[in-house]
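What follows is a set of notes on a single structure, which appears directly below.
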Amino acid sequence: MGRNVSSQPLRVAIVGAGRIGRRRAEVMAASRSARVVLVADTDRARAAALAAACGGRVTESWEAAATAEAVDVVVVTTSHDGLARATRAALEAGKDVFCEKPLARNLAEAAPLVALAERRGRVLAVGFNHRCHPGLARLRALATEGAIGQLLWARCRYGHGGRAGYEREWRADPVRAGGGELLDQGIHALDLFGWLFGEFAEVAAFLQTAFWPVAVEDNAFVLLRTAAGQVASLHASWTQWRNLFSFELCGSQGYLCVEGLGGNYGPERLRVGKRAENFGAPDEQVIEFPGEDRSWELEWCAFVSAVRGQGTPVASGRDALAALRLVEAAYRAAAVGSVIRPERDPAAAPVAAEAVG
Ligand SMILES: NC(=O)c1ccc[n+]([C@@H]2O[C@H](COP(=O)([O-])OP(=O)(O)OC[C@H]3O[C@@H](n4cnc5c(N)ncnc54)[C@H](O)[C@@H]3O)[C@@H](O)[C@H]2O)c1
């Protein structure tokens with residue numbers, strides 16, 4: 001008889017025991033909903049250190065961890081070149097999977113994973129944890145309930161300044177990473193744009209390799225426009241010498257702006273502004289979100305509920321495909337030097353082309 005995953009802690013295998021693997025393992029260790037039983041990393045010492053901290057047996061084989069019988073769910077937190085491989089093996093073995101963003105290095109690697117999860121009836125969640133940051137969650141709730149009127153545009157600036165030797169890390173290697181800062185941090189902003197506006201009809205981009213001696217972009221400037229004329233702009237940067245996260249959303253009646261993500265991105269706060277009747281200085285309310293970043297915990301709880309048949313994950317494999325479509329459109333737009341129409345989600349409804357301005 002199958003194990004009843006609704007009543008017992010989920011048995012988790014972690015593939016990739018780096019910075020984010022550890023972060024996710026700590027969240028699980030603190031929860032009653034899951035128990036780490038296996039930890040895999042190509043670097044055995046890392047796996048051993050994580051297992052010592054959060055429990056579980058150590059293996060060097062990602063395949064053994066992804067397919068082990070005594071595992072209910074697999075959490076994939078490798079560098080980008082390992083994500084799709086481990087996710088596919090786990091799904092084929094009948095596991096539910098939580099995979100880190102961006103799910104794969106590109107759309108061609110990612111799309112079959114989503115199809116496989118759907119065919120097998122498995123949960124495939126992707127780690128777009130920014131959706132669970134309290135300021136961004138509140139921003140979306142307010143926008144959705146019409147607090148700032150009709151949505152006009154969004155602007156995100158996101159970046160850090162790397163660290164000594166950054167050019168030798170996997171993120172700087174186009175084969176291992178699949179892209180540069182756009183695929184690294186920029187994809188979070190693209191996911192948030194899609195979460196707020198739905199599909200985009202046009203994408204333009206400039207990419208720079210401005211400072212780091214690497215073969216990927218260290219700065220990405222992307223402009224996106226919906227069929228209704230709403231515009232979103234992104235500047236993602238590895239030359240932001242002081243960490244920055246700023247996400248602005250402008251509506252016909254006001255604006256919402258999230259600054260900071262906690263930690264070394266500064267305290268998270270949401271500014272809510274209402275356009276004054278006479279167009280003078282607007283009334284502004286500032287909401288602070290002090291304390292620890294709980295986005296990882298909230299995201300994990302939603303995943304566990306989805307595995308138990310209650311609700312959906314915060315971001316699904318399909319959400320990852322939507323973000324990857326925008327990433328690929330931006331890379332193409334930058335390469336050809338013109339505006340690109342991103343590939344559409346084949347399951348999406350036709351776009352209503354109602355112009356804003
Ligand atoms: N959600 C977020 O905000 C966020 C933040 C940072 C990183 N990430 C994502 O998390 C993932 C990991 O990033 P990180 O910062 O932890 O990197 P990291 O370099 O700290 O860790 C990656 C680990 O994976 C291991 N690894 C690589 N290939 C493997 C394989 N085939 N099998 C087993 N282990 C393997 C490496 O040895 C390393 O220990 C990436 O997908 C990254 O984009 C997400």
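Table for the structure above
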item: Lone qualifier among A115, A86, A110, A90 - being surrounded by 21 or more Cβ atoms within 10 Å (Cβ to Cβ), over 19 Å from the mean Cα position of the chain (by Cα) and assigned to a helix (DSSP H, G or I); result: A90
item: For V126: the one exception among (1) within 16 Å of the ligand (Cβ to nearest atom); (2) among the β-branched types (V, I, T); (3) assigned to a helix (DSSP H, G or I); result: (3)
item: From the options A143, A147, A189, A154, residue that is in contact with a Leu (Cβ under 9 Å, 6 or more places away or on another chain) and assigned to a loop (DSSP other than H, G, I, E, B); result: A147
item: Qualifying residue in the stretch 56-69 (condition: acidic (D, E), within 22 Å of V307 (Cβ to Cβ) and not in a loop (DSSP other than H, G, I, E, B)); result: yes
item: L183 vs. criteria more than 12 Å from the ligand (Cβ to nearest atom) and touching a residue at least 24 places away in the same chain (Cβ under 8 Å); result: no
item: F221 under 19 Å from the mean Cα position of the chain (by Cα), more than 30 Å from E277 (Cβ to Cβ) and free of Cβ contacts under 8 Å to residues at least 24 places away in the same chain; result: yes
item: Lone qualifier among R57, R46, R24 - being more than 14 Å from the ligand (Cβ to nearest atom), of a type in the set (K, R) and touching a residue at least 12 places away in the same chain (Cβ under 8 Å); result: R57
item: Filter result (touching a Phe, Trp or Tyr at 6+ places or on another chain (Cβ under 6 Å) and either among the basic types (K, R) or surrounded by fewer than 19 Cβ atoms within 10 Å (Cβ to Cβ) (or both)) within the stretch 232-264; result: T239, N243
item: Given (1) modelled with pLDDT of 95 or more; (2) farther than 22 Å from R131 by Cα; (3) within 13 Å of the ligand (Cβ to nearest atom), index of the condition V12 fails; result: (3)
item: Selected residue [in contact (Cβ under 8 Å) with a residue 60 or more places away in the chain and out of contact with any Cys (no Cβ under 7 Å at 6 or more places or on another chain)] from L152, L107, L116; result: L107
item: Tally, over the stretch 133-149, of residues that are touching a helix residue (DSSP H, G or I) at 6+ places or on another chain (Cβ under 9 Å), in contact (Cβ under 8 Å) with a residue 60 or more places away in the chain and hydrophobic (A, V, I, L, M, F, W, C); result: 5
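The values are calculated or read from the model by the stated rules, or taken from the named source; none is laboratory data. Model, not experiment: these values are computed from the prediction. Here the Cβ is made from the backbone with ideal geometry for all residues, glycine too, and neighbour counts use every protein chain on show.
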